1. Please name all residue pairs, on different chains or six or more residues apart, with Cβ atoms under 8 Å, provided the first residue is in the range 1-26 and is within 17 Å of Ala37 (Cβ to Cβ) and touching a residue at least 40 places away in the same chain (Cβ under 8 Å) and the second residue is open to solvent by less than 40 Å² (accessible area, probe 1.4 Å) and of a type in the set (Val, Ile, Thr).
2. For Thr29, are the conditions met, namely being in contact (Cβ under 8 Å) with a residue 12 or more places away in the chain and among the hydroxyl-bearing types (Ser, Thr, Tyr)?
3. So, in the range 50-72, how many residues would count as being exposed (fewer than 14 other Cβ atoms within 10 Å of the Cβ) and touching a Leu at 6+ places or on another chain (Cβ under 7 Å)?
4. List every residue pair whose Cβ atoms sit under 9 Å apart, with the two residues 6 or more apart in sequence or on different chains, where the first one lies in the range 107-122 and is without any contact (Cβ under 8 Å) to a residue 24 or more places away in the chain and polar (S, T, N, Q) and the second, anywhere, is open to solvent by less than 70 Å² (accessible area, probe 1.4 Å) and part of a loop (DSSP other than H, G, I, E, B).
5. Residues that are part of a helix (DSSP H, G or I) and in contact with a Ser or Thr (Cβ under 7 Å, 6 or more places away or on another chain): does the range 93-115 have at least one?
6. Please verify whether Ala37 is surrounded by 13 or more Cβ atoms within 10 Å (Cβ to Cβ), modelled with pLDDT of 95 or more, in contact with an Asp or Glu (Cβ under 9 Å, 6 or more places away or on another chain) and hydrophobic (A, V, I, L, M, F, W, C), treating the condition exactly as stated.
7. I'd like the residue in the range 126-153 that is charged (D, E, K, R) and farther than 12 Å from Tyr76 by Cα and, out of all such residues, is surrounded by the fewest Cβ atoms within 10 Å (Cβ to Cβ).
8. If you check every pair at least six apart or on different chains, which have Cβ atoms under 9 Å apart with a residue in the range 81-105 that is without any contact (Cβ under 8 Å) to a residue 12 or more places away in the chain and more than 17 Å from Ala7 (Cα to Cα) first and a residue that is open to solvent by 20 Å² or more (accessible area, probe 1.4 Å) and of a type outside the set (D, E, K, R) second?
Amino acid sequence: MEEFNRAVKKVLHHEGGYVNDPSDPGGETKYGISKRAYPDVDIKGLTKQDAIDIYYKDYWIQGKCEILPKSIREVYFDMVVNMGKKRAVLVLQEAINHKIKNNISVDGQLGPKTASASKNLEEYRLKSFRVKYYADLVNRKPTLLKYWFGWFKRALT
């Protein structure tokens, strides 16, 4: 639980408070919890503890953070929050294959093979592939360029 508490504190710092930016892919959010992902939640009335509970159940546990090495858990958890579990796993798998040379399938599924192969993955290699994901996203969708610098800084912390 200590690891989760440290990781969620960073996420809450990155995500901030209430935002309703129509050009943000997340739409209406508070503490990073979006109306799009949680249509039945009163986003404006969401408490910090409610957000933490959602992050634990739907992102830390569902993201299978604890099966990964401690050295990359926080980065991976933040990726799950920011880009979704499947994309986070795809980025993780690409980073692993860059190190190990096509050792695992890039399928977006976090299972024993991916977890085992991630044992020797350096935190900065994972961060670099996260930055690459954001750069590719902005190249595909130039309207998201306004988020680039924030994503870049987030990826490196």
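The values are calculated or read from the model by the stated rules, or taken from the named source; none is laboratory data. Quantities reported herein were computed from a predicted structural model and do not represent experimental measurements. Don't worry about glycine lacking a Cβ; one is built from the backbone with ideal geometry, like all the others, and counts go over all protein chains shown. Surface areas here come from the heavy atoms of the whole protein model, side chains and all, with no ligands, DNA or RNA. Shrake-Rupley method; radii C 1.70, N 1.55, O 1.52, S 1.80 Å.
1. Pairs that qualify, where the first residue is within 17 Å of Ala37 (Cβ to Cβ) and touching a residue at least 40 places away in the same chain (Cβ under 8 Å) and the partner is open to solvent by less than 40 Å² (accessible area, probe 1.4 Å) and of a type in the set (Val, Ile, Thr), are Val8/Ile52; Val11/Val81; Leu12/Ile52; Glu15/Thr29; Glu15/Val81.
2. When the stated conditions are applied, Thr29 passes them.
3. 0
4. Ser116/Ile104; Asn120/Pro69
5. Checked the range 93-115: at least one residue is part of a helix (DSSP H, G or I) and in contact with a Ser or Thr (Cβ under 7 Å, 6 or more places away or on another chain).
6. Judged against the criteria, Ala37 is not a match.
7. Arg140
8. The qualifying pairs are Asn97/Asn103; Asn97/Ile104; Asn97/Val106.
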